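The structure appears below as structure tokens.
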Amino acid sequence: MHGFRTIIEPFRIKSVEPLRITTPGERREKLAAAGYNLFGVHSDDVMVDLLTDSGTGAMSSEQWAAIQRGDESYAGSPSFYRFEAAVKGLFDFKHVIPTHQGRAAEKILFSVVGGKGKVVLNNTHFDTTRANVEFTGATAVDLVIPEGKQPSVIHPFKGNMDLGALERAISEHGRANIPLVMMTITNNSGGGQPVSLANMRAVRAICDQHDLPFFLDGCRFAENAWFIREREPGQQHRTVKEIVQELGSLADGMTMSAKKDGLANIGGWLAVDDDALALKCRNLLILTEGFPTYGGLAGRDLEAIAQGLEEVVKHEYLEYRIRSTQYVGEGLLRLGVPIVQPTGGHAVYIDARAMLPHIPPLQYPGQALATALYEEGGVRGCEIGTVMFGLKPDGTEAPAAMDLVRLAIPRRTYTQSHMDYVLEVMERVVKRAPTLKGYRIVEQPPALRHFSARFSPLA
Ligand SMILES: *Cc1c(COP(=O)(O)O)cnc(C)c1O
């Protein structure tokens, strides 16, 4: 935008949080004590924490100022009305219902519209979305375009819904069994890949033909809108805010985690147009989250989100955000590290199976790479592969479709020199790659094993 090669962070630092510099020996000890599971490592033993971008961003001075303004009245707090106005300024849904985070909105929505025999269609359900759909007895079906499943295929909108597959799924399952169609922007589980406006409009048209409600899982709406502005023909003259408003106008409702593009550390919302649906959702909200003007959040959290929504659609912020993720991707490619291409909005996904071909999937190449990055430089990423998805409900094990390591970039938290350091750590890991060993699992729970399994390195 400003014509320079260096992406300067569009902020300066006002408050600092020291990083503890650890030694390789210390990190080896911590790893062994955690059973080689990075979820078991204490975060103050991590130097650059790329485990997730959820709730880990830095807030602005204006957000901290807004926190002081937070009004903690039980009912009708001005903080709620500021929050509601900020949401409606982007997404003009009739009812905005605050929740403590995204999955609480999903839980409420699918408790109302889900149930046995129901089928929810999505480009790709995020794990908590899928879990909340399935918990009601309904089925979650993913319909992303084929390009979205191939790591090395370049496509500008790999998060798009496969429109033919959507039509087929509607006729196969029947309108009566489909409570809604959902679009996840950006497509988190598919590598943070965006959805085009054209695809969104086409899905809306298909939903109209079949009289189906269309919902957004809007967690990274601003990043998605930036990609539309950058990549979609005819969108370059528009502001991100205008694009976001159009995205919202195409839908009948949304779920949202404010821990992502709300630029807050906690929070979320459920928004809908339908009065009867809103009434049912608010009734459930009161059971588990709280009164409808705070929904499980403090007034100060509502203020932080309201201010965050102003900041997240700013072009200087988004240009820096997306460029700095690409910067890490480009650096990894220069080192010869295979990654999911093009880089998504919030994370870079390394193809550990391709990088460590000598480690078979059932010896967890993603785990081997993630632990090597921690041991080498205190960098924490997240295995997304056979450890996460390989254990079947019947207790058998099979390789996941891919063995990835995700480096998720928290918002406004690390500088370019932190990312240069991450690349330097990776350079050393690349040199050691042929000598890295796989793991075996020595202890695991029956489900969601990646959080608590313990591993032993193979000799
Ligand atoms: C994070 C996320 C959620 C769930 O939000 P939480 O705030 O973590 O409960 C849902 N969908 C997507 C796409 C997400 O990235």
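Along the Cα-to-C-beta direction of Gln68, a point sits 7 Å from the Cα; which residues of the stretch 1-41 have their amide N less than 20 Å from that point? Within reach of a label on Gln68: 12-17. Excluding same-chain neighbours fewer than eight residues apart, the aspartates and glutamates reachable from Lys392 by a Cα-Cα span under 20 Å are Asp127, Glu134, Asp142, Glu383, Asp403, Glu443. Using C-alpha pairs under 8 Å with a sequence gap of at least 6, the mean separation divided by the residue count of the chain gives a relative contact order of 23 percent.
Let me make sure I get this right: for the stretch 61-311, a, b and c are the square roots of the gyration tensor eigenvalues over alpha carbons, sorted descending. Under 1.5 in a/c it's rounded, otherwise prolate if a/b > b/c, else oblate. Which is it? Taking the square roots of the gyration eigenvalues as a ≥ b ≥ c, the stretch 61-311 is oblate. For Ser196, the amide hydrogen comes within under 5 Å of the amide hydrogens of Asn160, counting only partners 5 or more places away or on other chains and with H modelled in the peptide plane. Once backbone amide H atoms are built at 1.01 Å from N, Val144 has Asp162 as its partners under 5 Å, excluding neighbours fewer than 5 places away on the same chain. Candidates Phe110, Ser196, Leu297 compared by Cα position along the dipole of the stretch 61-311: farthest toward the positive end lies Phe110, with charges placed on Cβ. Using θ = phi - 60° in the Karplus curve 6.51 cos²θ - 1.76 cosθ + 1.60, the 3J(HN,Hα) couplings for the stretch 411-419 round to 7, 6, 9, 10, 9, 4, 6, 4, 6 Hz; x is entered for Gly and Pro.
For the stretch 114-127, the Karplus equation 6.51 cos²θ - 1.76 cosθ + 1.60, evaluated at θ = phi - 60°, returns couplings of x, x, 3, x, 7, 10, 9, 9, 8, 4, 8, 5, 5, 3 Hz by residue, with Gly and Pro reported as x. Summarising the amide proton neighbourhood of Gly57: residues at separation of 5 or more, or on other chains, whose placed amide H is nearer than 5 Å comprise Arg411. Highest mean first, the peptides 303-316, 352-365, 395-408, 274-287 sorted by other C-beta atoms within 10 Å per residue fall in the order 303-316, 352-365, 395-408, 274-287.
Each residue of the stretch 396-410 was assigned a 3J(HN,Hα) from its phi angle through the Karplus expression (A = 6.51, B = -1.76, C = 1.60, θ = phi - 60°), giving 7, 10, 9, x, 6, 4, 9, 10, 10, 10, 9, 9, 8, 9, x Hz with x at Gly and Pro.
Counting only DSSP beta bridges with both residues in the chain, the antiparallel share comes to about 65 percent. When the listed pairs Lys116/Lys149; Lys30/Lys431; Lys149/Lys260; Lys118/Lys241; Lys107/Lys241 are checked against a 30 Å cut-off, the alpha-carbon distance exceeds it for Lys118/Lys241. Between the Cα long axis of helix 24-33 and the first principal axis of the chain there is an angle of about 60°, rounded to the nearest 10.
FYI, it's all coordinate maths here, none of it is from the lab. Keep in mind that what you see is a predicted model, and the values were worked out from it rather than measured. FYI the Cβ positions are ideal-geometry reconstructions off the backbone, even for glycines, and counts take in every protein chain you see.
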